[in-house]
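One structure is given here, and the rest of the page talks about it.
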Amino acid sequence: MNHILFDGDRRTALLPFTYTRPVGDIRIGILTLREKWQHYLGEEVSCRTEAYLSGKFPMKSGADNLLIQASFFPDPGLVAAIRKLQPGEALWKDDCVLACRSEDPHADPKGKGFIRRDYPGETWQLRNTWDIFSMNGRALEADFDLVTAGRKSAPISATNRLVAADRIFLEEGAEVEHSILNASDGPIYIGRNALVMEGNLIRGGLAVCDHAVVKMGAKIYGPTTVGPYGKVCGEINNSVIFGYSSKGHDGYLGNSVLGEWCNIGADSNNSNLKNNYAKVRLWNYETRRFDPTGLQFCGLMMGDHSKTAINTMFNTGTVIGVNCNIYVPGFPRNFVPSFSWGGASGFSTYQPAKAFEAARVMMARRGVDFTEEDARILQQVFDDSAQWRK
């Protein structure tokens with residue numbers, strides 16, 4: 001049996017994060033959606049995504065394929081139901097297709113050729129960008145139980161102060177010294193070779209993934225995720241930071257999501273609560289308007305390779321695209337299209353040649369090559385996002 005996650009109908013609503021990755025490679029909790037499915041299925045899982053992403057994220061096809069909509073979270077009941085599908089059957093929950101089984105890896109699960117089977121259980125789906133942080137607590141709890149089941153934490157140094165120590169797990173090579181770790185409100189997971197420096201105040205849930213760094217004197221409130229090779233400091237609340245991104249200095253980040261290769265300048269802050277305490281509206285690429293989130297707390301959504309200068313400020317509910325450079329005083333507008341350069345006083349186009357050179361230098365500092373495939377993907381993002389840079 002070959003397993004494939006397909007982007008489904010939530011990809012556009014999950015922009016700007018899906019400009020540069022399949023839906024299945026969004027990180028929420030400790031693991032990406034793809035990694036969660038791989039844990040449950042015990043098999044390698046590939047992704048069916050946009051053509052321009054398929055070079056970096058290739059799909060593996062087989063003679064017998066289970067196609068699963070990537071925006072749904074796995075659980076034992078759903079996995080069991082999917083595994084029971086026979087060739088030519090599709091599994092539905094109300095008006096959403098969950099999965100299908102087909103010889104054709106490019107099959108449309110909503111096609112007329114499939115026999116419909118209805119799933120009676122509850123499902124859990126990532127539908128919008130703000131779900132990434134608002135669902136992060138539930139995802140973190142589930143991932144913690146999944147990845148630590150039957151395992152014992154690496155030793156935790158006696159220099160630390162621990163609360164609910166049974167919900168704190170360190171992988172091999174993780175270092176934590178002279179910090180307060182309180183897991184009473186959620187688990188704390190420190191990945192392989194991650195470093196938590198001295199003097200940190202941490203209240204779970206928290207995932208500090210492999211090789212990530214929490215610098216000295218950070219104040220982190222869960223549920224928060226710092227992806228692999230991330231670097232953080234300052235005050236962080238209920239945020240998800242994808243791999244290789246840095247918020248390495250003082251400043252506040254709350255109820256927010258940062259993609260990969262982002263950098264937040266020193267003393268930069270975002271608002272996550274409106275002065276009138278009203279529910280927050282956020283730009284939605286799918287509907288092409290600012291939509292109600294139903295949330296009172298909602299901060300910053302920032303796509304891959306975007307950066308800020310020092311002392312940058314963001315209004316409640318701001319969406320920043322891919323490869324943006326925000327650097328002038330004042331609050332920029334609440335939606336900044338990809339490849340924009342500027343701030344409150346206005347924007348110009350951040351030309352790909354300059355953007356690619358900055359990405360090449362930043363990635364080289366972490367020992368990662370900026371490839372021709374990366375350039376092709378970002379060029380496509382530049383072309384696709386031109387409609388918003390007017």
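Hey, any hits in region 306-329 for a residue that's over 27 Å from residue 237 (Cα atoms), part of a loop (DSSP other than H, G, I, E, B), in contact with a helix residue (DSSP H, G or I) (Cβ under 7 Å, 6 or more places away or on another chain) and in contact (Cβ under 8 Å) with a residue 24 or more places away in the chain? Looking for residues that are over 27 Å from residue 237 (Cα atoms), part of a loop (DSSP other than H, G, I, E, B), in contact with a helix residue (DSSP H, G or I) (Cβ under 7 Å, 6 or more places away or on another chain) and in contact (Cβ under 8 Å) with a residue 24 or more places away in the chain, one finds none in region 306-329, hence no.
For region 2-14, the criterion of being among the polar types (S, T, N, Q), touching a Gly at 6+ places or on another chain (Cβ under 6 Å) and more than 30 Å from residue 383 (Cβ to Cβ) is met by at least one residue.
The set of residues in region 321-334 that are at pLDDT 95 or above and buried (at least 19 other Cβ atoms within 10 Å of the Cβ) comprises 321, 322, 323, 324, 325, 326. Scanning region 335-351 for residues that are surrounded by 19 or more Cβ atoms within 10 Å (Cβ to Cβ) and assigned to a loop (DSSP other than H, G, I, E, B) yields a total of 4. Inspection of region 201-212 finds no residue satisfying the criterion of being surrounded by fewer than 24 Cβ atoms within 10 Å (Cβ to Cβ), β-branched (Val, Ile, Thr) and farther than 20 Å from residue 324 by Cβ. Residue count for region 334-353, restricted to those that are under 26 Å from the mean Cα position of the chain (by Cα) and of a type in the set (A, V, I, L, M): 1. Taking every residue in region 251-269 that is on the phi > 0 side of the Ramachandran plot and pairing it with any residue that is of a type in the set (D, E, K, R) and crowded, with 24+ Cβ neighbours inside 10 Å, at least 6 positions away or on another chain, the pairs with Cβ-Cβ distances below 8 Å are 261/304.
Give the residue that is surrounded by the most Cβ atoms within 10 Å (Cβ to Cβ), with candidates limited to residues of region 353-374 that are over 22 Å from residue 230 (Cα atoms) and free of Cβ contacts under 8 Å to residues at least 24 places away in the same chain. Once the filter is applied, the top-ranked residue is 354. Here 103, 89, 44 are screened, and the one residue that is in contact with a Cys (Cβ under 8 Å, 6 or more places away or on another chain) and farther than 22 Å from residue 14 by Cβ is 89. Of everything in region 354-367 that is more than 28 Å from residue 330 (Cβ to Cβ) and of a type in the set (A, V, I, L, M), the residue that is farthest from the chain's Cα centre (by Cα) is 364. Checked against (1) outside the structural domain of residue 66 (by TED's automatic domain parsing); (2) touching a residue at least 24 places away in the same chain (Cβ under 8 Å), residue 150 meets all criteria but (2).
The values are calculated or read from the model by the stated rules, or taken from the named source; none is laboratory data. In this text the structure is predicted, and so the values were computed from the model without any measurement. Please note: Cβ atoms are built from the backbone with ideal geometry, for glycine as well, and neighbour counts cover all protein chains shown.
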